[in-house]
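Everything on this sheet refers to the single structure shown next.
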Amino acid sequence: MVNLIVDGKNISTTEGTMLLEAIRGAGISIPTLCAHEAVSRSGACRLCVVEIKKGNRTRIVTSCLYAAEEGLIVDTKSERVLNVRRLVMELLLARCPESEVLQKLSKELCVEPQARFIADSDKGKCVLCRSCVRVCEEVVGVSAIGLFSRGSHKTVGTPYNEKSDACIGCGACVYVCPTGHIEMFTTGDKRKIWGRTFKMKTCDTCGRYFAPVDQLKYISKKTGVPLKELAICMDCR
Amino acid sequence: MKENPDTQARRVQDDLRLNYGPNKKFITICAGTGCRAYGSLKVKDALEAELKKQNMNVEVLATGCFGFCEKGPMLVIHPDKYFYQQVKVEDVPEIVSKTLAKGEVIGRLLYRDPDTKKTLFREEDLPFYKKQLRVVFGRNGMIDPTRIDDYLAIDGYQALGKALSEMTPEGVISEVKKAGLRGRGGGGFHAAFKWEGARRAHGSPKYVIANGDEGDPGAYMDRSLMEGNPHSIIEGMIIGAYAVGAQDGYIYVRNEYPLAVTHLTMAIASAKEAGLLGKNILGTNFSFDIHITKGAGAFVCGESSALFASIEGRAGEPRAKYVHAVEKGLWDKPTALNNVETWANVPLIINRGADWYAAIGTEGSKGTKIFSLVGKINNTGLIEVPMGTTLYEIIYDMGGGIPNGRKFKAVQTGGPSGGCIPESLLDIPVDFDKLYEVGSMMGSGGMIVMDDRSCMVDVARYFLAFLQEESCGKCVPCREGVRRMNNILEDICAGKGREGDVELLEKIATGVADGSLCALGGSAPNPVLSTIKYFREEYEAHIKDHRCPAGVCKALITYSIIPEKCTGCGLCIKVCPTQATSGEKKKAHKINNDKCTRCGACIESCKFEAILVK
Ligand SMILES: Cc1cc2nc3c(=O)[nH]c(=O)nc-3n(C[C@H](O)[C@H](O)[C@H](O)COP(=O)(O)O)c2cc1C
Ligand code: SF4
Ligand code: SF4
Ligand code: SF4
Ligand code: FES
Ligand code: FES
């Protein structure tokens, strides 16, 4: 166990726990956008910053990536922390003015849009948190999507924005996206995602369309379970 | 009896040493990238041909950069050490028949001090070189970097021999610690602490890496070292690897440096052949190998975690981790990453001792530093000075001051994300801590000098535009914040600045500095914050009075002709691309501001300083 002080409160947690979990465990809220539990952490959004004090030195760190240490003094609402958080929210609101998720979050954090920033119109709702890329690589295992270009030109998508042969249409990326940027339409026997249309498979038991054929084929290949056995939807299993 | 590695190294040297005795006649000619561009290789070929023709047996050594690149091609004739600059192929016959055959100097090839108008014979007499202390960089000019023998002849690999035979790894670390060597690539971290950390860290294999990415525009000291004295870097790395307990090393070289790659590759091969690198170095049981990786081209690839990612074959993006590279660096193994110049200092420390080294420099910054001097300065090039040399000495004594009698305004140190230092601080001693204190940094040692015709808002905008493009785009504060700061700066320069913009810039800057994932974003606000700190009134003039005091921001200036000064010569009419100037001969001319694009052509042409920019 390690003991630390967060906003004046004594907290203990198991060794190796990230500050984010330790702090939230103590009932103190920390906003996050890129720390999805299904994927590894990238430290991209910087919303979860806290100020830590070790000896005489204080530092701003992202709580989602900093492991709790014995004797650490953490301030989750210092002026510097709030300034970073406010800035991140203002920057993201200007990038994705349409995002309801960001609008709601900024209300909670009492951040108004910065009038001096001209809002973007070409970025959709993507905050570049990377969760979709990571889930596709780390959980699904096909790496159909990635990040391209640098700086403010950075985008997420399939290589060259072309239809990806690697994508199995599973929709995991949609599921982890915090802002609902990724468009997926499933109607009857078809699913459209990342510019590609997938054929859906009906459940052998109830006859309902439940998963793209490509996804079932991929799972079968990867796990060795015959396709036949996978042809039953979760509800009927 | 088995030869001790030190004696072995010394014996090789004695065999070789002096070929270049004190009275031996030979020529060193700079074949660095700069002088090559001026045709130094042609001069070298011509010299060799002419010597053959005149039946003279004088060796011509193609060396690395001498530092004074703008005067290239340049050569030194030994043993008299006559220094000839801006040498052309046509000069060659005369050099051979006069200087080499009879010892006569050729006046027009010597350097003339523009201040005293005196002709100077030797390199060390030039004001540019006089106050320098070129212990690391100066050796460039003594050797042909493609020949290991040359390096051995200047005591090369002697430090390695000493380290392997007389010192324990811990002893090497404590010597480097005592010397106080700090990293030359940016942060100024103590090298010995890094090595100690990597030595103690669990995990195997361990790595040492030389960072030769050098992404700062205008900086080329690392290139010059890699091209001009590759063995000094390699020797430093071998010693470092011995200290750290590393088996493998990498040199990460910027993709645009083909000559550096060639020379490093040759150096690695010949060091291996000589038993100085590879298995059982100098007969000991210490083995170490070095590989070269070519950089991916982005500025951010010089950042440590991005560099590791790049060597590992992944996208060169920084990684957010609060575990130090000495524990988990390349492939998550203990790694000591140092800048090329840092490594090149190591043999010197081992050879001459920590006490000698620590006697150079200031309290907190020891040794020398190589700087690249560019911008509005008379002598541009690379200089090496003891830490603690003042900015004034660098800019005026070595740099020869500001051209055309203009006034110094600021110097930007530390690369694109460094800060601008004003005239009032020219007396500060240049070292890691002092530069940081005044809102700038050492960075890799770039210095861009600006005169009174530079607009500091425009300067900040220029650097932010660079950084916006170079941000990897991973984290929000840097990707979005640098862009927004740049937008505001663009607005201010375009006359669209608003009340409150300066305060807003300060607020964004603080958030970007605090919140960014890596040091690119962490330091990106420096150009903005330092120019606001020292030149706030210039920002205010743009925003409140719609005026660019330096006369740079085109939207905020008008050109006019001072009637009293104009002689009506008509030159400005000839040069104006938009026919904005007009007037009768011998009568004062006029500028039509609706047509004028503020290109400045008329100013350049007017001999009477009759054109006013306001
Ligand atoms: C954006 C960025 C670019 C960098 N580029 C370089 C570089 O080109 N060369 C270099 O030696 N260090 C560079 N650094 C610093 C390195 O991260 C690292 O601190 C350094 O190589 C360590 O060596 P040193 O301690 O010997 O200076 C850069 C840092 C950042 C944040
Ligand atoms: S839908 Fe395609 S891109 Fe999205 S996670 Fe699944 S495989 Fe990857
Ligand atoms: S699409 Fe969604 S999940 Fe993917 S990077 Fe953008 S915001 Fe994150
Ligand atoms: S600070 Fe800039 S360069 Fe560094 S990780 Fe963030 S976006 Fe990339
Ligand atoms: S949640 Fe920690 S950086 Fe995004
Ligand atoms: S390249 Fe010749 S002096 Fe620099």
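The values are calculated or read from the model by the stated rules, or taken from the named source; none is laboratory data. The model shown is predicted, which means the values in this text are computed figures rather than measured ones. Every residue, glycine as well, gets a Cβ built from its backbone with ideal geometry; the counts of neighbours run over all protein chains shown.
The condition of being more than 25 Å from B:Cys455 (Cα to Cα) and in a loop (DSSP other than H, G, I, E, B) holds for only one of B:Pro577, B:Pro563, B:Pro549, that being B:Pro563.
Counting only residues that are in contact with a helix residue (DSSP H, G or I) (Cβ under 6 Å, 6 or more places away or on another chain) and over 18 Å from A:Ala144 (Cα atoms), which one in segment A:185-208 is surrounded by the most Cβ atoms within 10 Å (Cβ to Cβ)? Among residues in segment A:185-208 that are in contact with a helix residue (DSSP H, G or I) (Cβ under 6 Å, 6 or more places away or on another chain) and over 18 Å from A:Ala144 (Cα atoms), the one surrounded by the most Cβ atoms within 10 Å (Cβ to Cβ) is A:Lys201. Residues that are at pLDDT 95 or above, basic (Lys, Arg) and not in a loop (DSSP other than H, G, I, E, B): does segment A:85-93 have at least one? Yes, the conditions are met somewhere in segment A:85-93. Annotation: of all residues in segment A:189-227 being under 16 Å from A:Gly141 (Cα atoms) and hydroxyl-bearing (Ser, Thr, Tyr), the one that is nearest to ligand 4 (Cβ to nearest atom) is A:Tyr218.
The residues of segment A:96-129 that are in contact with a Ser or Thr (Cβ under 9 Å, 6 or more places away or on another chain) and at the interface with chain B (Cβ under 8 Å from one of its Cβ atoms), listed by number, are A:Val127, A:Leu128.
A single member of B:Gly400, B:Gly415 is outside any strand (DSSP E or B), among the small types (Gly, Ala, Ser) and within 19 Å of B:Thr342 (Cα to Cα), and it is B:Gly415. Has segment A:17-33 got any residue that is within 19 Å of B:Asp514 (Cβ to Cβ) and within 16 Å of ligand 4 (Cβ to nearest atom)? Yes, there is a match, as at least one residue in segment A:17-33 is within 19 Å of B:Asp514 (Cβ to Cβ) and within 16 Å of ligand 4 (Cβ to nearest atom).
Considering only segment A:183-224, state which residues are part of a loop (DSSP other than H, G, I, E, B) and within 30 Å of A:Pro159 (Cα to Cα).
A:Glu183, A:Gly188, A:Asp189, A:Trp194, A:Gly195, A:Gly224
Of all residues assigned to segment A:36-47, none qualifies as being of a type outside the set (Gly, Ala, Ser) and away from ligand 5 (no atom under 15 Å from the Cβ). Exactly one residue out of B:Leu109, B:Leu133 is outside the structural domain of B:Gly353 (by TED's automatic domain parsing), over 21 Å from B:Leu61 (Cβ atoms) and in contact with an Asp or Glu (Cβ under 7 Å, 6 or more places away or on another chain): that is B:Leu133.
Here is a yes/no grid of residues against (1) assigned to a loop (DSSP other than H, G, I, E, B); (2) at pLDDT 95 or above; (3) β-branched (Val, Ile, Thr):
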residue: B:Thr7; (1), (2), (3): no, no, yes
residue: B:Val12; (1), (2), (3): no, no, yes
residue: B:Gly34; (1), (2), (3): no, no, no
residue: B:Leu41; (1), (2), (3): no, yes, no
residue: B:Lys44; (1), (2), (3): no, yes, no
residue: B:Leu47; (1), (2), (3): no, yes, no
residue: B:Glu70; (1), (2), (3): no, no, no
residue: B:Asp80; (1), (2), (3): yes, no, no
residue: B:Phe83; (1), (2), (3): no, yes, no
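Any chance segment B:143-153 includes a residue that's in contact with a Lys or Arg (Cβ under 6 Å, 6 or more places away or on another chain), closer than 24 Å to B:Ala260 by Cβ and assigned by TED's automatic domain parsing to the domain that holds B:Ala241?
Yes, the conditions are met somewhere in segment B:143-153.
When B:Cys478, B:Cys518, B:Cys493 are checked against the criterion of being of a type outside the set (Gly, Ala, Ser) and either within 16 Å of ligand 6 (Cβ to nearest atom) or over 28 Å from the mean Cα position of the chain (by Cα) (or both), B:Cys493 stands alone in meeting it. In segment B:297-317, the residue that is nearest to the other protein chains (Cβ to nearest Cβ) out of those that are outside any helix (DSSP H, G or I) and away from ligand 3 (no atom under 16 Å from the Cβ) is B:Ala298. Each residue in segment A:41-65 was checked for being assigned to a loop (DSSP other than H, G, I, E, B) and within 16 Å of ligand 4 (Cβ to nearest atom), and 10 of them qualify.
Restricting attention to segment A:215-230, the residues that are within 16 Å of A:Cys203 (Cα to Cα), surrounded by 14 or more Cβ atoms within 10 Å (Cβ to Cβ) and out of contact with any strand residue (DSSP E or B) (no Cβ under 7 Å at 6 or more places or on another chain) add up to 5. Beta carbons closer than 9 Å, at least 6 apart along the sequence or on distinct chains, pair a first residue in segment A:132-154 that is within 14 Å of another protein chain (Cβ to nearest Cβ) and within 16 Å of ligand 5 (Cβ to nearest atom) with a second that is in a helix (DSSP H, G or I) and at pLDDT 95 or above for A:Val133/A:Cys173; A:Arg134/A:Val176; A:Leu147/A:Val133; A:Lys154/B:Arg479. Selection of segment A:66-87 for residues being crowded, with 21+ Cβ neighbours inside 10 Å and at the interface with chain B (Cβ under 10 Å from one of its Cβ atoms) yields A:Tyr66, A:Val81, A:Val84, A:Arg85, A:Leu87.
Total residues in segment B:498-531 satisfying the condition of being in contact with a Phe, Trp or Tyr (Cβ under 9 Å, 6 or more places away or on another chain), away from chain A (no Cβ under 11 Å) and not hydrophobic (A, V, I, L, M, F, W, C): the figure is 3.
Here is the figure for segment A:43-65: residues that are surrounded by fewer than 20 Cβ atoms within 10 Å (Cβ to Cβ), in contact with an Asp or Glu (Cβ under 9 Å, 6 or more places away or on another chain) and more than 11 Å from chain B (Cβ to nearest Cβ) total 2. Taken over segment B:459-497, the criterion of being at the interface with chain A (Cβ under 7 Å from one of its Cβ atoms) and part of a loop (DSSP other than H, G, I, E, B) is satisfied by B:Ser471, B:Cys472, B:Gly473, B:Lys474, B:Cys475. The test for being in a helix (DSSP H, G or I), more than 30 Å from A:Lys9 (Cβ to Cβ) and within 16 Å of ligand 5 (Cβ to nearest atom) does not hold for A:Leu102.
Here is a yes/no grid of residues against (1) within 14 Å of another protein chain (Cβ to nearest Cβ); (2) surrounded by 13 or more Cβ atoms within 10 Å (Cβ to Cβ); (3) free of Cβ contacts under 8 Å to residues at least 12 places away in the same chain:
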{"residue": "A:Leu4", "(1), (2), (3)": "no, yes, no"}
{"residue": "A:Asp7", "(1), (2), (3)": "no, yes, no"}
{"residue": "A:Leu20", "(1), (2), (3)": "yes, yes, no"}
{"residue": "A:Ile23", "(1), (2), (3)": "no, yes, no"}
{"residue": "A:Gly27", "(1), (2), (3)": "no, no, yes"}
{"residue": "A:Ala38", "(1), (2), (3)": "no, no, no"}
{"residue": "A:Arg41", "(1), (2), (3)": "yes, yes, no"}
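Every listed requirement among (1) of a type in the set (S, T, N, Q); (2) assigned by TED's automatic domain parsing to the domain that holds A:Leu19; (3) within 16 Å of ligand 4 (Cβ to nearest atom) is met by A:Ser149 save one, (2).
When B:Val76 is tested against (1) without any contact (Cβ under 8 Å) to a residue 60 or more places away in the chain; (2) buried (at least 21 other Cβ atoms within 10 Å of the Cβ); (3) not in a helix (DSSP H, G or I), exactly one condition is not met: (1).
Can you name every residue in segment B:318-371 that is part of a loop (DSSP other than H, G, I, E, B), away from ligand 1 (no atom under 16 Å from the Cβ) and of a type outside the set (S, T, N, Q)?
Residues satisfying the conditions are B:Lys333, B:Gly353, B:Ala359, B:Ile360, B:Glu363.
Any residue that is in contact with a Cys (Cβ under 7 Å, 6 or more places away or on another chain) and either of a type in the set (Gly, Ala, Ser) or within 16 Å of ligand 5 (Cβ to nearest atom) (or both) - is there at least one of those in segment B:69-76? Yes: one or more hits.
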